[in-house]
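The values are calculated or read from the model by the stated rules, or taken from the named source; none is laboratory data. In this text, all values refer to a predicted model and were calculated from it rather than measured experimentally. Note that each Cβ is placed from the backbone with ideal geometry, even for glycine, and that neighbours are counted across all protein chains shown.
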Amino acid sequence: MRRFAKVAVVAAVVLTLLVAWLISAPPAPPSFDQVKEQWRPSDAQLLDRRGDPLYERRIDSHGRRLAWTPLDEVSPALERAVIAAEDRRFYQHHGVDVWAIAGAILRRTAGGHPRGTSTLTMQVAAMLYPSLGHGGRRRSFAQKIGQIRAALALERRWSKRQIFETYLNLVTWRGELEGVSAATRVMFAKAPHGVTAGEAAVMAALLRAPNARREAVARRAQVLSLAMGSDAPSQDEIEAALASAFVDRTSEFARANLAPHLAERMLAQSQASARSTLDLQTQRIAVESLEQHVVEVRHRGVNDGAVLVVENATGEVWAYVGGAGEVSGAAWVDGVRASRQPGSALKPLLYALAIDRHLLTAASLVEDTPLELPEERGLYRPLDYDRQFRGLVSMRTALAASLNVPAVRTAELVGVEAFASHLRELGLSSVVEEGDFYGAAIALGSADVTLWDLVGAYHALANGGVWMPLRISNPLDASGRTPRSLAPETSSTQGLRGIVDASAGAVASRRIYSPAAAFIISDVLADRASRSETFGLENSLATRFWSAVKTGTSKDMRDNWCVGYTDRFTVGVWVGNVTGAPMHDVTGITGAAPVWLDVMNYLHERYGSGAPQAPAGVIARRVSFPKSVEAARSEWFVQGTEPARSLAELDENRSQIESPAEGSIIAIDPDIPSSLQRVSFEAGRGAAGARWILDGRERCAAASPCLWQPLPGMHRLTLVDASGRAIDQVTFRVRGRSEQ
C-alpha cells in the first residue's frame, strides 16, 4: 500500500511538472563560458608562476571570492563529499530528482521533517537567476517551478562537470566565503586540490548551514563520512579539520603582501588577477634577507633597498622586491625602478666593450697613476677607493679590484660617447645624454641607471653576451591557468612596457658581446685572488660555488650595488635611501653584498649551479709581467689578441706627465698674492733622471713635484729623459688679470 502511495505521488509530481513545462517555454540559460567570464574575484591578486598569491588587494566588500577553480583542480574527496551531502543521484538524473521530491512530499504528508529537494543543478539555476529566490528564503510555488525549468534547460546545454564546477565556485561555504578556492584558503590555508577527507566532510557539512555552530557541523560531518565510502575520514581527521576551519583567519587571508610594488604596476590597469613569472619562495627569501640586513645597518643611515632575480636561460624574473617593507621610510617607492648612480657597477660593461673591440685583453697593462682630465666643468681627477696608486696593473686586476683610474683611462680609450651609446644598446634607458655630458666619469657611474636595467645588462654577460628583454608577466589562458608554454604578452599589458614584458614580443633578443668577451669578463668577476687586492679573500662576494659578481658605491656613499650571476641566475641588489641621503661607512661589501649572498646561496642550494665552459674563440696562454707588477699566470684571450712577446720585456719605468693635463685652464686667484700661488708639475713612476722643460727653459728635476709660480698665457711643458729626449708633452693656459 505504501509503495502504491509513493508511486502515486511520483506520478502526480511528474504530471505537475509536465503541466508546468507545457504552459511556458523554459528560459534560455547563459553558456558555461559566459558564466566564467562574468565571475569576478573579490580580491585583485598577483600570482606567482605556480598560481600562489604574492599580493592581494580587496576590491569588493560583498563576499570573499578568489579566482575561478577548474573541477580538475578540486580534491576528489571533496567532490564525493559534496555529492553525498547535496545530491546523491546527481550523475543519474537530468536536473530534477523526482524520487527526492516524492519522498519529501510523503514525509510532509506523514508529519515528518521535510528535506531539501533541490538538486545541484537546481541550486546552480537559482544562483544564476536571483529572481528564483536564491539566498535561503522559502521559495513560492512559481519560483520553484521556474527553478525546475531552468535546471532542465541547464542540463540540456551544459555537461554535468560544468554544472558541478559552477556550483563549487558559486556556493557560499561559511560567512562571506564564496567559492571553493576562498573556502579552502581561509579554513585550511591550502588550495582546493589539497583538501583531505576529513576537511571534505567538514566543508560538505557546512553547505546546508554555512553559519552553524561547531557542534552541529561535527555531527553532520560524522553522518556524511558514512556515505563517503573509501574516502571516509576518521574521527581524529574530522576533529583536526574542525579545529582548523573554526579558526578566524580573515586577517591572515589578506596578508599576502610579498610584492606590493610589482602588484601596483601589474594590477593598475585591471581589477582582475595577474599571473607573474615570480617564484613565491625566492621572493620570500629575497624579502626577508633585505629587511633583515637593512635593519642590521640602519644605524649607518640605511633605510631602503631593492632586489631583482632573473633566470638566465629565459630572462624571466623570479623575485622583484621594490623596497624594505615596514623598515623603510618610504615603503611605496619602487627601488627596482628608481634611477640611481651605479658607481663601479658599470666597469664590467666598459671592459667587455674594450675586449670586444680588441683594445684590451685581460692581461693588458694599464696605469693606476694620478690622472687629470680637462672637462667642461673643470679638471677631473679620479682617485681609487683607498686613495692609493699601484702603478702598472693588468686589466684583470683593475676590474676585479675595482680600480678607478684604469677604468677612466679605459673610458678615454674606448670613447665616452661610444660607451654611452653602448649602455643605451644594453637597455640602460636612463642614459639619455651625449657622452660629453657624463665625461670620463661615466666609467665610475656618473650616469643614472635603474636596478631593472642594470640587472638586464649583467644578464647579457651571464647569457653569453646575448641581451633579451626581462620577462615578468605570465599570461593566463581562457581557463585562468598559466599555459605550459609561455607565450609573449598580449596587448592587454602594453601599458607596462619595460616592467611587464609586453615588449618581449616586439623587442628581439640581440647579441651585444661576443661569447669570448662575455666569458673573459665573467672569469675576471669570479676571480677571488685578483679581487683580494681591494676586498681581501673572505667577504660577502666569496661564494663556495662559481659566481661572477661586482659591487658599486656611488658618490658620498648614497647608493650601494651588488650584481652578479651563476650559470643559472642573475641577482642584483641596491641598498641606500630613496631620499638620496648618504650612508655612513657602508660599501657594496657591507651593504648590498650580504643580501646578494643570501639569495645566491638559496638559489644554489635549491637549483644548483656550475662553472661555464670556455666557448670557441677563447684560448689560454701563459703570460709573464714586468718585474714587481704581477706574478706570471695563465690567462684567457680572444683568439688573435694574445701577446706576440713576453709582457716582461715592456719598460715598466716609462713615465709621463700626470699634471697638468693636456688642455688644462688654470686661473690665478685675484684674492691671493701671486707670489703665494703655485702650479705643481707631476710625473709618473720612473721619472728618475728626467727633467721639466717649460716654454723651452729647463725648470727642475722630475723626481719630485716641481712647483712653478703661474704666469698668464699659453704654455708648453715637456718632460725629457737624461739624454734630453722628449718623453711627454702638454700645453695648458693660465688666466689672470692680464688675460681675459
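Here are the numbers for this structure:
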| read-out | value |
| --- | --- |
| Top-ranked residue of segment 625-639 - restricted to ones that are surrounded by 10 or more Cβ atoms within 10 Å (Cβ to Cβ) and out of contact with any Asp or Glu (no Cβ under 9 Å at 6 or more places or on another chain), ranked as farthest from Arg390 (Cα to Cα) | Gln639 |
| Qualifying residue in segment 210-226 (condition: closer than 25 Å to Arg40 by Cα and not hydroxyl-bearing (Ser, Thr, Tyr)) | yes |
| Residue match in segment 382-392 (condition: under 25 Å from Ala529 (Cα atoms) and modelled with pLDDT of 90 or more) | no |
| Count - residues of segment 585-633 that are of a type in the set (A, V, I, L, M) and touching a His at 6+ places or on another chain (Cβ under 7 Å) | 1 |
| Residues that are at pLDDT 90 or above, part of a helix (DSSP H, G or I) and among the β-branched types (Val, Ile, Thr), drawn from segment 520-554 | Ile520, Ile521, Val524 |
| Selection count where residues are closer than 22 Å to Trp39 by Cβ and surrounded by 24 or more Cβ atoms within 10 Å (Cβ to Cβ), scope segment 193-203 | 2 |
| Output for segment 313-325, where each listed residue is touching a helix residue (DSSP H, G or I) at 6+ places or on another chain (Cβ under 8 Å) and surrounded by fewer than 21 Cβ atoms within 10 Å (Cβ to Cβ) | Gly325 |
| Pick from segment 555-577, criterion crowded, with 24+ Cβ neighbours inside 10 Å and among the polar types (S, T, N, Q), ranking: nearest to Val294 (Cα to Cα) | Asn560 |
| Residue in segment 40-56 that is surrounded by the most Cβ atoms within 10 Å (Cβ to Cβ), counting only those that are at pLDDT below 85 and in a loop (DSSP other than H, G, I, E, B) | Pro41 |
| Among residues of segment 710-729, those that are without any contact (Cβ under 8 Å) to a residue 60 or more places away in the chain and surrounded by 12 or more Cβ atoms within 10 Å (Cβ to Cβ), counted | 9 |
| Residue list for segment 292-326, filter: closer than 27 Å to Leu47 by Cβ, touching a strand residue (DSSP E or B) at 6+ places or on another chain (Cβ under 7 Å) and assigned to a loop (DSSP other than H, G, I, E, B) | Asn312, Thr314, Gly315, Gly322, Gly323, Ala324 |
| Leading residue by the ranking (nearest to Glu199 (Cα to Cα)) among those in segment 57-91 that are charged (D, E, K, R), out of contact with any helix residue (DSSP H, G or I) (no Cβ under 8 Å at 6 or more places or on another chain) and not in a helix (DSSP H, G or I) | Arg88 |
| Total residues in segment 327-356, condition assigned to a loop (DSSP other than H, G, I, E, B), more than 21 Å from the chain's Cα centre (by Cα) and at pLDDT 95 or above | 0 |
| Search result, residues across segment 159-218 that are of a type in the set (Asp, Glu), over 13 Å from Ser244 (Cβ atoms) and either out of contact with any Gly (no Cβ under 6 Å at 6 or more places or on another chain) or part of a helix (DSSP H, G or I) (or both) | Glu165, Glu215 |
